[in-house]
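A short worksheet on the structure shown next.
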Amino acid sequence: MTTVDLNADMGESFGPWKLGDDAALLQVVTSANIACGGHAGDADVMAATMRMADENGVGIGAHPGFMDLVGFGRNRLSVPRGTLQNQIRYQVAASTGMARSVGAEVRHLKLHGALANMASEDEGLARDLYEAALSVAPDLIVMVLAATAQEQAVKSLGCKWAGEIFADRAYNDDATLVDRSKPGAVIHDADHAAARMVEMVKAGAIITESGKHIPTRIDTICLHGDTAEAVQIATAVRKGLQDGGVTLAKFGGSV
């Protein structure tokens, strides 16, 4: 029987500004990528989201990105490599420390936004960022954009990893995500998202906008918590997979 994890990016509210419905998503997903204060989130939001995730038996992940609250981490920035590595260490340390304070633990790492997209194109950058994170928390499972340079980086490092595909994003023929500025890059229709995830999981492949199949290991499926339809997409994807005979469970990660 096929088993897959369902994850969502969350913990992205900040002060009085609320983004996404984390409480509802945590009733549906099996893993949560929680913002570490770089692109979104704050100390209170991080603590509350981690506590809710733990109470729901949802796996907790650190979700660091560019230190870019104004741009929500979705602007490509030029940051000295050493500084960028320290920013990743800083965010992962905050994540692991906060989790311990609420009686939980951080299981995995997932890069956010523009930084993740850049690392999906540049194996050297991905490796440097993963090494920085693992220097703080050596046992993390690294969640990678499947079939990209991120996957090449974890294989060269020999660390535990999980391959991820996206329910709410369109794919280019090199397995990278279609730029958000382009029409159709973000998928808002829950039924369409569910159908394409069932198709990809059963095919064991990413299916691009052109129809190309890219065979890959699929350990987890992501959706973005800041998308207005996030809860509907998560619910539809979960139901579609289960109706298709797929079991939903937290990924284990393997080398």
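Readers should treat all values here as calculations from the given coordinates under stated rules, not as data from a laboratory. Everything quoted here is computed from the prediction, not taken from an experiment. A quick note on method: Cβ atoms are made from the backbone with ideal geometry, for glycine too, and the neighbour counts reach across all protein chains shown.
Can we say Ala48 is more than 18 Å from Ala162 (Cα to Cα) and either acidic (Asp, Glu) or not in a helix (DSSP H, G or I) (or both)? So Ala48 fails the test.
Checking segment 220-237 against the condition returns no match, with no residue being touching a strand residue (DSSP E or B) at 6+ places or on another chain (Cβ under 8 Å), charged (D, E, K, R), more than 18 Å from Ala32 (Cβ to Cβ) and not in a helix (DSSP H, G or I). Counting residues in segment 8-28 that are closer than 30 Å to Ala203 by Cβ and free of Cβ contacts under 8 Å to residues at least 60 places away in the same chain gives one or more.
If you check Asp243, Asp189, Asp226 for being under 24 Å from Val142 (Cα atoms) and among the acidic types (Asp, Glu), only one passes: Asp226. Looking only at segment 202-215, filter to residues that are surrounded by 15 or more Cβ atoms within 10 Å (Cβ to Cβ) and over 17 Å from the mean Cα position of the chain (by Cα); which one of those is nearest to Asp179 (Cα to Cα)? Going through the qualifying residues, I end up with Thr208. Just one of the numbered conditions (1) touching a residue at least 60 places away in the same chain (Cβ under 8 Å); (2) under 22 Å from Arg180 (Cβ atoms) is not true of Leu84: (1).
Residues are listed down the side, and each one gets a yes or a no for (1) surrounded by fewer than 20 Cβ atoms within 10 Å (Cβ to Cβ); (2) part of a helix (DSSP H, G or I); (3) on the phi < 0 side of the Ramachandran plot:
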{"position": "Asp5", "(1), (2), (3)": "no, no, yes"}
{"position": "Leu19", "(1), (2), (3)": "yes, no, yes"}
{"position": "Ala23", "(1), (2), (3)": "yes, yes, yes"}
{"position": "Gly38", "(1), (2), (3)": "no, no, yes"}
{"position": "Gly61", "(1), (2), (3)": "no, no, yes"}
{"position": "Ser78", "(1), (2), (3)": "yes, no, yes"}
{"position": "Gln85", "(1), (2), (3)": "yes, yes, yes"}
{"position": "Ile88", "(1), (2), (3)": "no, yes, yes"}
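With respect to the stated conditions, Ile34 fails to be buried (at least 16 other Cβ atoms within 10 Å of the Cβ), touching a residue at least 12 places away in the same chain (Cβ under 8 Å) and out of contact with any helix residue (DSSP H, G or I) (no Cβ under 8 Å at 6 or more places or on another chain).
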